[in-house]
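Student: Quick one: structure below, then a few questions.
The values are calculated or read from the model by the stated rules, or taken from the named source; none is laboratory data. As the structure is a prediction and not an experimental result, all values here were calculated from the model. Methodologically, a virtual Cβ is constructed for each residue, glycine included, from the backbone with ideal geometry; neighbour enumeration extends over all protein chains shown.
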């Protein structure tokens with residue numbers, strides 16, 4: 001009887017330790033790497049700075065930044081929005097490949113890509129390591145013009161699901177949208193990939209309300225002034241469109257409902273892709289902030305416990321949080 005009691009206590013103690021270890025593991029910060037530096041959008045240094053802050057203020061993430069040495073655009077913002085540990089960069093009139101750009105992706109749970117349409121190709125070794133990172137279970141978050149990058153890299157096109165510009169056409173995959181009846185269409189007709197009208201506020205419509213990223217969101221909500229990408233094309237394999245926005249013909253649009261939030265799976269990896277986030281006032285949208293936080297957590301872990309905030313946008317009203325450079 002004594003032996004049985006000792007065995008029971010040992011098992012109970014072991015279970016308790018296991019539970020404690022599991023609890024501690026859940027509380028461990030998610031390790032995030034933002035890669036940036038070659039972007040046709042001038043505000044990329046500030047947007048990296050903002051995203052880093054938005055993630056860290058949840059208490060669930062630690063965020064590093066690795067920047068290509070050769071930058072294009074950004075000007076004084078590179079100096080103004082310095083990030084500790086990120087070295088100075090050399091500005092060039094056009095992108096140039098940085099042979100030294102080879103982050104150790106294995107140190108992180110998820111990578112956020114804040115490059116642009118004209119990002120110089122990564123070295124073969126860097127590409128191979130990144131593909132391995134994703135296929136083995138690493139996460140990726142693709143922000144705005146990062147879906148314009150690396151058109152000649154087949155695995156990257158597979159990762160982002162849909163992309164634009166960079167000479168992408170029907171050869172790169174179908175044009176994916178929702179029609180007026182609510183049907184997802186994969187259009188293989190001839191055409192270039194990527195366009196947008198003038199910046200404006202627009203309505204987001206959630207298409208998959210059960211996904212961890214969008215669960216609990218209003219089914220429709222207003223996004224702050226932004227570029228609305230349309231006519232995106234790509235492999236669109238293992239891709240789930242979480243939300244769309246209507247591209248109005250009155251604003252040089254398609255008259256179709258274009259993907260605005262997407263997830264893609266590749267190997268064991270999870271990717272969250274949003275074409276939102278053109279400039280600072282776009283990124284100040286509480287909808288964008290929430291999608292960034294929840295999408296990054298999902299890409300890293302497959303789960304989401306970051307709540308929908310009380311100031312989330314409604315169907316009729318945009319909600320923004322003015323970003324303070326020095327909080």
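Student: Looking at the range 120-146 only, could you name the residues that are on the phi < 0 side of the Ramachandran plot and in contact (Cβ under 8 Å) with a residue 60 or more places away in the chain? Write out each step before concluding.
Tutor: First pass over the range 120-146, keeping only residues on the phi < 0 side of the Ramachandran plot: 120-136, 138-143, 145-146.
Hits for the range 120-146 are 120, 133, 134, 135, 136, 138, 139, 140, 141, 142, 143, 145.
Student: Next up: Could you tell me how many of the residues in the range 206-232 are assigned to a strand (DSSP E or B) and surrounded by fewer than 18 Cβ atoms within 10 Å (Cβ to Cβ)?
Tutor: 2
Student: Pick from the range 75-129 the residues that are in contact with a strand residue (DSSP E or B) (Cβ under 7 Å, 6 or more places away or on another chain) and part of a helix (DSSP H, G or I): which of them is farthest from residue 37 (Cα to Cα)?
Tutor: Across the range 75-129, the extreme among qualifying residues is 107.
Student: Same structure again: Every residue in the range 312-327 that is part of a loop (DSSP other than H, G, I, E, B) and either surrounded by 11 or more Cβ atoms within 10 Å (Cβ to Cβ) or at positive phi (or both), please.
Tutor: Hits for the range 312-327 are 312, 313, 314, 315, 318, 319, 321, 323.
Student: Identify the single condition in (1) in contact (Cβ under 8 Å) with a residue 24 or more places away in the chain; (2) within 27 Å of residue 79 (Cβ to Cβ); (3) over 18 Å from the mean Cα position of the chain (by Cα) that residue 324 does not satisfy, given that it satisfies every other one.
Tutor: Every condition holds for residue 324 apart from (1).
Student: Take the range 147-162 and flag every residue that is assigned to a helix (DSSP H, G or I), under 14 Å from the mean Cα position of the chain (by Cα) and in contact (Cβ under 8 Å) with a residue 40 or more places away in the chain.
Tutor: 147, 148, 159, 160
Student: Tell me yes or no: at least one residue of the range 182-194 is buried (at least 18 other Cβ atoms within 10 Å of the Cβ) and within 25 Å of residue 150 (Cα to Cα).
Tutor: Yes: one or more hits.
Student: Could you give every pair whose Cβ atoms fall below 9 Å, whose first residue belongs to the range 172-186 and is at positive phi, and whose second residue is surrounded by fewer than 18 Cβ atoms within 10 Å (Cβ to Cβ) and part of a loop (DSSP other than H, G, I, E, B), counting only separations of at least 6 or pairs across chains?
Tutor: Going by the 9 Å Cβ cut-off, the qualifying pairs are 173/188; 173/237.
Conditions tested, residue by residue: (1) out of contact with any strand residue (DSSP E or B) (no Cβ under 8 Å at 6 or more places or on another chain); (2) at pLDDT 95 or above; (3) surrounded by fewer than 23 Cβ atoms within 10 Å (Cβ to Cβ); (4) farther than 13 Å from residue 204 by Cα.
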position	(1), (2), (3), (4)
269	no, yes, yes, yes
272	no, yes, no, yes
280	yes, yes, yes, yes
283	yes, yes, no, yes
290	yes, yes, no, yes
306	yes, yes, yes, yes
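Student: Considering only the range 243-254, how many residues are in contact with a strand residue (DSSP E or B) (Cβ under 7 Å, 6 or more places away or on another chain) and not in a strand (DSSP E or B)?
Tutor: 3
Student: Within the range 265-279, can one find any residue that is over 16 Å from the mean Cα position of the chain (by Cα) and closer than 22 Å to residue 188 by Cβ? Break it down stepwise before answering.
Tutor: Of all residues in the range 265-279, those over 16 Å from the mean Cα position of the chain (by Cα) come to 267-268.
Narrowing further to those that are closer than 22 Å to residue 188 by Cβ: none.
Checked the range 265-279: no residue is over 16 Å from the mean Cα position of the chain (by Cα) and closer than 22 Å to residue 188 by Cβ.
Student: Only one of (1) outside any loop (DSSP other than H, G, I, E, B); (2) over 25 Å from residue 108 (Cα atoms) fails for residue 240. Which number is that?
Tutor: (2) is the only condition that residue 240 fails.
Student: Inside the range 233-250, can you point out the residues that are over 13 Å from residue 161 (Cβ atoms) and surrounded by fewer than 18 Cβ atoms within 10 Å (Cβ to Cβ)?
Tutor: 248, 249, 250
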